[in-house]
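Working notes for the structure below.
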Amino acid sequence: MQPQEQINELKNIVQNLLDEAARQGAAAAEAGLSQENGLSISVRLGEVETIEHHCDQGLGITVYFGQRKGSASTNDLSPEAIKETVSAACSIARYTSEDEFAGLPDNALLQTEFPDLDLYHPWQVSAGQAIALAIECEDAARGYHAEISNSEGASVNTHQGIRVLGNTLGFLQGYASTRHSLSCSVLAQRGDSMQRDYWYTVARNAELLEPAVSVGIKAGERTVRRLGARSLSTRQCRVLYSAEIASSLLGSFIGAISGGNLYRKSSFLLDALGTQIFPDFVHIHEQPYLLGALGSAAYDGEGVATKARDLVSGGVLQGYVLGTYSARKLGLQSTGNSGGVHNLTITPGEQDFAAMLKQLDTGLLVTELMGQGVNMVTGDYSRGAAGFWVENGVIQYPVEEITIAGNLKDMFKQIVAIGNDVDYRGNIRTGSILLEKMSVAGE
């Protein structure tokens, strides 16, 4: 069956669900239905460890009786199960207390245009082909250097799915998407020093994945270069976040301007709209309509239209990240972010990674973070880290067993430069980020 035929079939099921909710007395309702399938294989030391074929489906409905809300879900799409699921949601709604902010999104905000965002590229890879690809990747990693002593394995994953969303305001849409990945992790040993590291590639189109050999070599290279790591004495210094780690800084920023934290007054950026929170060269924006990108979507989890917009311009906070409920709690309007942001991008500077190291001059390059030491209320930041000590723009030796600390308010303002070595493997797209000063605790 072609994707559009499947989408139409699932739309009929969602519409039946909404009709059933109306028959059972609901004043309003919204429903989502997904069907997904895929293949996951893993190998270790040249042998197959797992082969998994996935085939999942799920349906959820939320009903409203005035301002009272009830939700229920099922993975059974039979007419009887649909009736029972709607009945369960209605029963819950009848016994919940009223919430003046509950309800469907504003009709005027719902998406009415649905461009093809190039999200669907099925990969007709057999289990045998996937196994061969993973073995090729792991062999490249294990063969990279004599000091690579063991492997955590390599894996290939392919996924395709269809999601349909509908509500009683007349919104009923669906789309198909794919996501494929290849990863590898190995261990290396030199004397008493043992290290592990990894690399991965991910894309909606398998043709855009990095070659298996390249992924393996990168995993091996990253692992070997960490051998002989040592700690640092406690100090304050410049810190350069590598691109794959820098996205976590922007993730903390998004958490601080998200509706749930704002209306609960549990954000260090409370009431920061219109204020300078980054240096004036920082530009952070959403790009939901990028073709083939991992975070692209024409509408959010409620059917509200997404839009390209600035979150930070000239270093000044221009907007929050809101779904319908949090927007109403704050007396604002949904920004089309129910479910998160869409291709959040910080505009890169002109310097590549080598130039960023030169600008760092003497300081710490962070390539791995551990722990969840971020206090969203105060902005206090303290995380375990590993990486490399750099002097005169040249990496000197690997470091581990250190903690980097600061306050996110200060850290954001102390951004010195953003590299053009952008990591595109996720929903947050950023290059390496250089900070003027952080506290490093070690020996």
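The values are calculated or read from the model by the stated rules, or taken from the named source; none is laboratory data. Small disclaimer: the values here were computed from a predicted structure and weren't measured. Note that each Cβ is placed from the backbone with ideal geometry, even for glycine, and that neighbours are counted across all protein chains shown. For the accessible areas, the whole protein counts, side chains as well, though only heavy atoms, and no ligand, DNA or RNA atoms are used. Shrake-Rupley method; radii C 1.70, N 1.55, O 1.52, S 1.80 Å.
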Checklist entry - Charges only on Cβ, +1 for Lys and Arg, -1 for Asp and Glu: so what's the dipole of region 12-56 about the Cα centre, in debye to the nearest 20? => result 100 debye
Next on the checklist: Largest first, please: the extent of the C-alpha atoms of region 232-358 along each principal axis, to the nearest Å.
Outcome noted: 47, 36, 26
Item to check | Formal net charge of residues neighbouring V43 (Cβ-Cβ distance under 12 Å; K, R +1; D, E -1) | outcome: -4
Checklist entry - Which distance in Å, rounded to a whole number, links the C-alpha centroids of region 253-286 and region 1-48? => result 34 Å
Next on the checklist: Taking the solvent-accessible surface of protein heavy atoms with a 1.4 Å probe, what is the per residue accessible area of region 186-293 in Å²?
Outcome noted: 42 Å²
Checklist entry - Per Stokes-Einstein, at 4 °C and 1.567 mPa s, what whole-number D in µm² s⁻¹ belongs to region 26-106, with the Kirkwood radius over Cα pairs as the hydrodynamic radius? => result 87 µm²/s
Checklist entry - Roughly speaking, to the nearest percent, how much of the chain's 1.4 Å accessible area is carbon and sulfur? => result 47 percent
Checklist outcome for this item: Expressed in angstrom and rounded, the centroid-to-centroid distance over alpha carbons for region 393-443 and region 94-126 is 35 Å
Checklist outcome for this item: Karplus ³J(HN,Hα) for region 165-175 (6.51 cos²θ - 1.76 cosθ + 1.60, θ = phi - 60°; Hz, whole; x = Gly/Pro) runs 10, x, 8, 7, 8, x, 7, 7, 9, x, 8
Checklist entry - Where the centroid of each part is defined by its Cα atoms, how far is region 308-373 from region 163-221 in Å? => result 21 Å
Item to check | Kirkwood-type radius of the chain, with distances r between different C-alpha atoms, in Å | outcome: 24.1 Å
Checklist entry - By how many nm would the segment from Q359 to N375 grow when fully extended, if each residue of separation counts as 0.36 nm and the alpha-carbon distance is taken off? => result 2.8 nm
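Could you rank the peptides 392-398, 36-42 by their average count of other C-beta atoms within 10 Å per residue, with the highest value first?
Working: 392-398: 13.3, 36-42: 18.7.
So the order, starting with the most tightly packed, is 36-42, 392-398.
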Checklist entry - How about region 49-92: which GluC sites (Glu not before Pro) there are in a DSSP loop, with at most 11 other Cβ atoms within 10 Å of their Cβ? => result none
Checklist outcome for this item: Scoring region 337-423 by relative contact order with C-alpha pairs under 8 Å, at least six apart, yields a percentage of 33 percent
Checklist outcome for this item: Output ordering of 60-67, 429-436, 314-321, 130-137 (per-residue mean of other Cβ within 10 Å, highest first) is 429-436, 130-137, 60-67, 314-321
Checklist outcome for this item: Residues whose built amide H sits under 5 Å from the amide H of T367, excluding neighbours closer than 5 in sequence, are A386, G387, F388
Checklist entry - Amide H neighbours of E152 under 5 Å, counting only residues 5+ apart in sequence or on other chains, H built in-plane at 1.01 Å? => result S185, V186, L187
Checklist entry - Per residue, how much accessible area does region 97-184 have with a 1.4 Å probe, in Å²? => result 48 Å²
Checklist entry - Between Y397 and residues 5 or more places away or on another chain, which pairs have amide H atoms under 5 Å apart, with H built 1.01 Å from N, and which residues are they? => result W389
Item to check | Spread of Cα-to-Cα distances over 5 Å intervals beginning at zero, given as percent, for region 264-322 | outcome: 4, 17, 21, 20, 17, 16, 4, 0
Checklist outcome for this item: Over the chain, the sum of -39500 (n - 2.57) across DSSP H runs of at least four, divided by residue number and rounded to 500 deg cm²/dmol, gives at 222 nm -7500 deg cm²/dmol
Checklist entry - Hey, what do the phi angles of region 294-310 turn into as Karplus ³J(HN,Hα) couplings, whole Hz, using 6.51/-1.76/1.60 and θ = phi - 60°, x for Gly and Pro? => result 6, x, 6, 6, 7, 8, 8, x, 10, x, 6, 4, 7, 8, 5, 7, 7
